[in-house]
Ligand SMILES: NC(=O)c1ccc[n+]([C@@H]2O[C@H](COP(=O)([O-])OP(=O)(O)OC[C@H]3O[C@@H](n4cnc5c(N)ncnc54)[C@H](O)[C@@H]3O)[C@@H](O)[C@H]2O)c1
């Protein structure tokens with residue numbers, strides 16, 4: 001597969017374009033908003049310049065990567081592609097409309113993929129004339145830096161396709177894993193409490209966002225705290241994933257979205273990309289210094305990590321992926337310092353269970369129910 005189409009030139013689209021182009025593919029990048037493509041290509045030029053200065057790539061390679069990407073203003077320009085990866089807005093109706101148009105443009109052999117974070121691959125494929133050629137290829141942000149790629153075959157996907165894509169992702173220098181087509185796949189399902197529980201802690205005025213971030217960094221060794229990460233992902237994108245996962249699990253209270261996140265999203269305080277989210281990214285903005293409190297930090301960490309470990313144990317019980325892939329997913333997809341199953345063992349599953357029991361007693365909410373496997377592990 002050498003001719004790759006990318007639809008959507010935002011955060012993810014341009015990142016995936018860079019990955020494919022670096023691997024030597026010819027990339028056709030299309031977006032309804034051509035200004036966005038121009039802006040993204042300009043940013044890519046700067047990124048490549050920095051990589052050259054740091055001697056990560058040669059000047060020739062930088063030119064080659066940039067020149068391999070062709071900016072397209074019409075979807076029809078993707079007609080000769082072997083694989084098209086869609087990375088547009090997380091909206092099923094809009095994605096479906098794009099796939100329908102795309103099917104009239106590309107050849108019968110062209111593989112069509114979605115980078116969706118949370119929509120069902122099976123449901124997207126079912127809208128296609130030829131659903132067997134459709135598969136989920138889920139990159140992580142920033143795509144050129146994060147090694148993990150979740151490959152998600154839907155119920156209607158050709159059984160040979162997942163291996164083909166697996167091999168291609170290896171060629172692109174990625175660490176692919178195969179995930180079941182469940183809401184949020186692996187990472188976005190297991191990671192939900194990282195954001196959800198952090199938002200709750202702030203909504204309940206137990207701590208400030210900077211304290212929660214500081215606690216997760218200093219006690220848990222996470223590279224980024226939940227609020228910094230939400231600002232990077234985009235609060236709108238993160239909120240939309242949360243809502244989809246919640247609805248797709250038939251409104252399981254474990255995944256209930258946060259009102260605070262809803263308000264931030266309504267206010268278009270989307271994080272880095274809009275210049276303001278939980279933090280201010282304007283030029284002279286100063287980050288508030290968190291008021292350190294060791295006891296509070298331990299409580300915050302234990303509450304969030306217990307919820308995360310409980311989700312990993314539940315994913316293991318449901319065999320959403322192999323144990324190895326569950327561990328790899330969280331470390332390579334969202335940079336967690338350890339695999340959650342190993343972390344549970346280290347902290348002690350008894351302690352995790354006790355923490356959840358205490359939260360359940362305090363809040364009387366289903367949200368804190370334990371995986372049946374947690375008691376037996
Ligand atoms: N941001 C992340 O961290 C992340 C990570 C993994 C997956 N994803 C998924 O990747 C997809 C894109 O996310 P993003 O963060 O890059 O979004 P983004 O908002 O940065 O970019 C989306 C782009 O799609 C374009 N677009 C919208 N409708 C279009 C259409 N009909 N045809 C062509 N282009 C259209 C927009 O103009 C925009 O440039 C989503 O499905 C998201 O869930 C996002």
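The values are calculated or read from the model by the stated rules, or taken from the named source; none is laboratory data. Source: prediction; values computed, not measured. Don't worry about glycine lacking a Cβ; one is built from the backbone with ideal geometry, like all the others, and counts go over all protein chains shown.
Residues being surrounded by fewer than 22 Cβ atoms within 10 Å (Cβ to Cβ) and within 16 Å of the ligand (Cβ to nearest atom) are represented in the stretch 217-227 by at least one member.
Restricting attention to the stretch 267-306, the residues being surrounded by 14 or more Cβ atoms within 10 Å (Cβ to Cβ) and within 27 Å of residue 338 (Cα to Cα) number 16. Of note, residue 222 does not satisfy the criterion of being in contact with a strand residue (DSSP E or B) (Cβ under 7 Å, 6 or more places away or on another chain) and not in a helix (DSSP H, G or I). Listed by position, the helices (runs of 4 or more DSSP H) contained in the stretch 89-172 that have at least 1 residues being surrounded by fewer than 14 Cβ atoms within 10 Å (Cβ to Cβ) are 92-103, 161-171. Close Cβ contacts (under 6 Å, 6 or more residues apart or on different chains) running from residues in the stretch 80-102 that are more than 17 Å from residue 135 (Cβ to Cβ) to residues that are more than 6 Å from the ligand (Cβ to nearest atom) and modelled with pLDDT under 95 comprise 90/240. Exactly one residue out of 56, 45 is surrounded by fewer than 23 Cβ atoms within 10 Å (Cβ to Cβ), over 21 Å from the mean Cα position of the chain (by Cα), free of Cβ contacts under 8 Å to residues at least 60 places away in the same chain and in a helix (DSSP H, G or I), and it is 45.
Take the conditions more than 19 Å from residue 225 (Cβ to Cβ), assigned to a loop (DSSP other than H, G, I, E, B) and assigned by TED's automatic domain parsing to the domain that holds residue 369 and apply them to residue 278. Does it pass? Here the answer is no, as residue 278 does not meet what is asked. The requirement of being in a helix (DSSP H, G or I), surrounded by fewer than 22 Cβ atoms within 10 Å (Cβ to Cβ), modelled with pLDDT of 95 or more and more than 16 Å from the ligand (Cβ to nearest atom) is fulfilled nowhere in the stretch 77-88; no residue meets it. For the stretch 1-16, the tally of residues that are within 15 Å of the ligand (Cβ to nearest atom) and under 19 Å from residue 99 (Cβ atoms) stands at 9. Each residue in the stretch 117-132 was checked for being within 11 Å of the ligand (Cβ to nearest atom) and either modelled with pLDDT under 95 or over 12 Å from residue 92 (Cβ atoms) (or both), and 3 pass.
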